[in-house]
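This report refers to the structure that appears directly beneath it.
What follows is calculated from the coordinates using simple rules that are stated; it is not laboratory data. Note that the structure is a prediction, hence the values are computed from the model and not measured. Because the Cβ atoms are built from the backbone with ideal geometry, glycine has one as well, and the counts that use them run over all protein chains shown.
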Amino acid sequence: MPVVAVGDILLVRAVCSAQDQVGVNTGYLNCTAKDGTDVTTTDIAKTIESNAAAKYTPMLPAAARWEGLSVQKIWPLPRDVAGISVANAGPGDVSSNVLPTQVCGIFTKRTSLAGPKYRGRMYVPFPPESFLDTDGTPTLAYISLLTALATLWTEGPTTFTNIGLDGTVTCDWVLWHRESHTVTNITGAHVRKKWATQRRRGDYGQPNQLPF
């Protein structure tokens, strides 16, 4: 299992599915400190997946599924094989039909710098029909759940432990700038009481395979 070192940039992928479509949310961690026994990407995946499942499944209808989460070192090169956790995979908690699969919740990741380069958006997949308010926007209950999810993806620093041992690594959620191989720390999130769309997740989108 790949071991995490200070300076590593980790790609985190959270995966949900509905019908023949897959929704993948991605984020990046910058490892800033390390202590004791080596921590692996699988250790980190297991920790985040447990927390993420508890946030995603209350936002998903029973016709959709939480599939799991992967963590992969992408920088410095070469990329490592991803650590994967599917321990909490299963159907959503909400007894409701799924909205059209291209419909999604949305929040913006913010940094201390201005401009589109220093913001990121996350399109949260497969909301239930019961979270559709009478005015066509998300209900306040959905917004509350979305806010909790946004915190998971933006709040830090976070310390991860080598499961069963005493090692730790500390990581910050960041925006990853591929061209320059640099990062900008995320400072918070803005949740919108609006629906967004991802056409590739719609009925006319290409059927997807699970990434793990």
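As a proxy for reagent exposure, 75, 153 were ordered by neighbouring Cβ count within 10 angstrom, fewest first; the result is 75, 153.
With only the Cα atoms considered, the range 85-177 has a convex hull volume of 161 Å³ per residue.
From the cross-link list 109/193; 55/193; 34/117; 46/194; 46/117; 73/193, which pairs have alpha carbons spaced over 26 Å apart? From 109/193; 55/193; 34/117; 46/194; 46/117; 73/193, over 26 Å: 34/117; 46/194; 46/117; 73/193. Converting phi to 3J(HN,Hα) with the Karplus coefficients 6.51, -1.76 and 1.60 and the offset θ = phi - 60°, the range 74-85 yields 10, 8, x, 5, x, 5, 8, 5, 6, x, 10, 9 Hz in sequence order, with x at every glycine or proline.
Relative intensity of the range 9-201 on a log10 scale, I(q)/I(0) at q = 0.09, 0.11, 0.14 Å⁻¹, equals -0.33, -0.50, -0.80, per a Debye sum over C-alpha point scatterers of equal strength in the absence of solvent.
Can you sort 132, 29 from fewest to most other Cβ atoms within 10 Å of each residue's own Cβ?
Numbers: 132 17, 29 28.
Ascending number of Cβ neighbours within 10 Å: 132, 29.
Taking every DSSP beta bridge that has both ends in the chain, the antiparallel portion is near 100%.
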